[in-house]
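See structure below.
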Amino acid sequence: MQATPIFANSATGTVAPPTQFLTFVLGSDAYAIGILSIKEIIEYTHMTEVPMMPSCIRGVINLRGAVVPVMDLQARFGQPTSAVTKRTCIVIVEVQSADSQHVMGVVVDAVNEVLDIDAADIEPPPTFGTQIRTDFISGMGKVRGKFVILLNVDRVLDLDDLQGLSQMISTHAEAG
């Protein structure tokens, strides 16, 4: 799946309208996801571990009768998992795969705020030097003199990339 750039196109002079992002913290870094992908934010809750899941999947939760897999973004980025605190929460997002939409949860250390970031304040992702895969980044937003890593949520939570995740979830849901 190709990342859709959200930064201003200096060659053509076109600038997209401001875009809203939910900002959150993982470890000491600030990240953001476009709010159009966000369904809700819930308190961190107990998860049911599912055998043979990828290591970045903490488990599944029951969200109003639906089985929702929950991903640990720190683990997905190859970093140690953060300790659960009273600010830890689960952001429920809707992701688009090639043929359908899926709902997934992501564990974040703390949710900060929803911000409007003008396209002119969004730079292309760096080509090197980041601690996460560059295809996971849709841009770098400049906010109050600092950078916020804008995640390409469809790529970060790509089910094909997690090999068979949806099949395991549906098999577990049918058995339970």
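Key figures
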item: Elements of type strands (runs of 3 or more DSSP E) contained in the stretch 22-105, each with 2 or more residues being at pLDDT below 90 and touching a strand residue (DSSP E or B) at 6+ places or on another chain (Cβ under 9 Å); result: 89-96
item: Pairs, first open to solvent by less than 20 Å² (accessible area, probe 1.4 Å) in the stretch 41-62, second hydroxyl-bearing (Ser, Thr, Tyr), C-beta under 9 Å, six or more apart; result: Gly59/Thr48; Val60/Thr48; Ile61/Thr45; Ile61/Thr48
item: Matching residues, the stretch 110-123, being surrounded by fewer than 20 Cβ atoms within 10 Å (Cβ to Cβ) and within 21 Å of Leu26 (Cα to Cα); result: Ala110, Val111, Asn112, Glu113, Val114, Leu115, Asp116, Glu123
item: Filter result (surrounded by fewer than 16 Cβ atoms within 10 Å (Cβ to Cβ), within 14 Å of Val25 (Cα to Cα) and among the hydrophobic types (A, V, I, L, M, F, W, C)) within the stretch 63-90; result: Ala83, Val84
item: Residues within the stretch 33-63 that are in contact with a helix residue (DSSP H, G or I) (Cβ under 6 Å, 6 or more places away or on another chain) and hydrophobic (A, V, I, L, M, F, W, C), tallied; result: 3
item: Filter pass, Glu113 being of a type outside the set (S, T, N, Q), touching a helix residue (DSSP H, G or I) at 6+ places or on another chain (Cβ under 9 Å), assigned to a strand (DSSP E or B) and at pLDDT 90 or above; result: no
item: Residue count, the stretch 127-155 (criterion: open to solvent by 40 Å² or more (accessible area, probe 1.4 Å) and assigned to a loop (DSSP other than H, G, I, E, B)); result: 8
item: The stretch 140-157 residues that are free of Cβ contacts under 8 Å to residues at least 24 places away in the same chain, paired with ones that are open to solvent by 40 Å² or more (accessible area, probe 1.4 Å) and assigned to a strand (DSSP E or B) (beta carbon under 6 Å, 6 or more apart); result: Met140/Glu123; Met140/Phe147
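The values are calculated or read from the model by the stated rules, or taken from the named source; none is laboratory data. Note that the structure is a prediction, hence the values are computed from the model and not measured. Cβ atoms come from the backbone with ideal geometry, glycine included; neighbour counts cover every protein chain shown. Heads up: the accessible areas ignore ligands, DNA and RNA and are worked out on the full protein's heavy atoms, side chains in. Shrake-Rupley method; radii C 1.70, N 1.55, O 1.52, S 1.80 Å.
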